[in-house]
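A.B. asks: My questions will all concern the structure given below.
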Amino acid sequence: MTGLIASIVEAYGELRVSKGRILLSLLGVAFSVFALTTVMSGGQMLEQALKQSVESFGGRPAVLTVQSMGDMGTDGGSGGRATVEDMDRAVLEQFDQMGITERSRDLQGTLRVQTGSGVVAASGRGVDPGWGPMHRVDVLEGRWFADSDEGRLSPAIVVDETLYEKLGRPELGAETVDLVADKGATAPAVVIGVVPANEFAAMGMDATVYISASAADDLPAGNGMEQAARQYLAWVPEESAEEVASQLSARLTDTPTGSYDAYRMDGAGDIEAFRYVRYALMGVAAVILVLGAMGLVNIALVTIRYRVREIGIRRSYGATGLRIFIGVLMESVVATVIAGIVGVTAAVALVKAPFVTEWFHSIGLVDVPPFPTTAVITGLTAATAVGILAGALPAIIATRIKVIDAIRS
């Protein structure tokens, strides 16, 4: 250990003496390590952002969708047809029997909201509290639904930021807004949370209102949610998703409210095309790293020619070939490790910069992950490997220098 530390200290001292000769080559190594680390870390974070964006639409792994096969309809309890309460009971009882606790009803219809500038038609979604975690809902202000919201006289709603502005930014959890039904009937509701505007709202085409599924069923007639598409979501372990889906389908094949199908439709698919692009960029960074290593080899070979006397004198004082080899090799390794640290530090500073983080948020990254440790390790490992490869040939040549060569020089 003492010999290794001495070699590192000696190599660092030699680098300080010869810094002018190797500076440009080290800049190339530092830049290539910076590029490699940035591509790896940025690519992993971008992949995570795209994955989260997909999951916000289709659900996290593994969300199962249970949907009616359409062999029976609903009419609110008349005409012998299934009621929404019957459908909920048929499906949710099976969830209970199978021990599925992470679940939600999901109703997709329309709602009309009274604003200061008139009635705004919005995309209505009736959900349970579990729907939010399943879809990585990012609440900008206020909060998401809780079980305690089920018993409110004025139903709780969560709106997107575009609609929230049109409503005049009412005080969350206190002021009421009116949900408008047919024939002028209204139902007061309380805004408890604000979520980011969807892409359609950004273009002025739509707005989004989330409401408790139970409250949606109790709204006045003609509210736009009566004929909403109704399905059920179950969040189960990914490794057992296929088995659970098969069991649910079998259990719900023949119920008093008809047949149901359970299937997986979440955002767990690999983004293969993007991964290939990331691998290609990493290949380009690796090529730059190799070019930097070649430049470092050339500089080291030239430096050895000017150090013949020094190395010969050291041999005359008893330095072994191994000692000379390790000394010359460590000069290259220490140099590239320093360049690697500079490159990795620059990559971390860039990827974690506020403007980069904001950009990741803009493309769908809800939970910003820490800087990938694998990228740091890979960058430093690559720098060390370049130092070993670049220093091996000059070190071998240095071991062949004899005392007589020093005398002649």
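A.B. asks: Leaving out ligands and nucleic acids, note down the accessible area per residue over region 134-189 with a 1.4 angstrom probe, in whole Å². Kindly include the intermediate steps, with their values, before the conclusion.
C.D. replies: On the way: 2870 Å² over 56 residues.
Per-residue value: 51 Å².
A.B. asks: Could the peptides 385-397, 348-360 be put in order, highest first, of the mean number of other beta-carbon atoms found within 10 Å of their residues?
C.D. replies: Order by mean packing, descending: 385-397, 348-360.
A.B. asks: Could the peptides 224-233, 177-186 be put in order, highest first, of the mean number of other beta-carbon atoms found within 10 Å of their residues?
C.D. replies: 224-233, 177-186
A.B. asks: Once you list every other residue whose beta carbon is under 14 Å from the beta carbon of Ala181, what net charge do they have if Lys and Arg are +1 and Asp and Glu are -1? Present the calculation step by step, with values, prior to reporting the outcome.
C.D. replies: Numbers: positive: Arg112, Lys183; negative: Asp178, Asp182, Asp217, Asp218, Glu226.
Charge balance near Ala181 sits at -3.
A.B. asks: May I pose another question? Assuming R0 = 51 Å, what is the FRET efficiency of Leu350 and Arg305, from their Cβ-Cβ distance, to the nearest 0.05?
C.D. replies: 0.85
A.B. asks: Moving on to the next point. Which percent of Cα-Cα pairs in region 153-259 sits in each 5 Å bin, short to long?
C.D. replies: Values per bin, smallest distances first: 2, 10, 16, 15, 17, 12, 10, 11, 6, 1, 0.
A.B. asks: Hey, with R₀ at 35 Å, roughly what FRET efficiency would Ser154 and Glu47 work out to, going by the Cβ-Cβ distance, to 0.05? Before the final figure, lay out each step's value.
C.D. replies: Working: r = 42 Å, r/R0 = 1.21.
Computed FRET efficiency for Ser154 and Glu47 comes out at 0.25.
A.B. asks: Contour minus end-to-end for Met98 and Glu239, with contour as 0.36 nm per residue of separation and end-to-end as the Cα-Cα distance?
C.D. replies: 49.2 nm
A.B. asks: Tell me, in nm to one decimal, what length is gained between His361 and Arg323 on full extension, where the rule is 0.36 nm per residue of separation less the Cα-Cα distance?
C.D. replies: 8.3 nm
A.B. asks: Which of the peptides 136-142, 165-171 is most tightly packed, and how do the rest follow, judged by the mean count of other Cβ atoms within 10 Å per residue?
C.D. replies: 136-142, 165-171
A.B. asks: Specify the inter-centroid distance of region 78-136 and region 323-343, based on alpha-carbon positions, in whole Å.
C.D. replies: 63
A.B. asks: What distance in nm separates the simple spin-label points at Lys183 and Ser259, each placed 7 Å from Cα in the Cβ direction?
C.D. replies: Distance between label points: 3.9 nm.
The values are calculated or read from the model by the stated rules, or taken from the named source; none is laboratory data. These figures come from a predicted structure and were not determined experimentally. Note: ideal-geometry Cβ built from the backbone for every residue, glycine included; neighbour counts use all protein chains shown. Ligands, DNA and RNA are stripped out before the accessible areas are found, and what is left, the full protein with its side chains, is counted by its heavy atoms. Shrake-Rupley method; radii C 1.70, N 1.55, O 1.52, S 1.80 Å.
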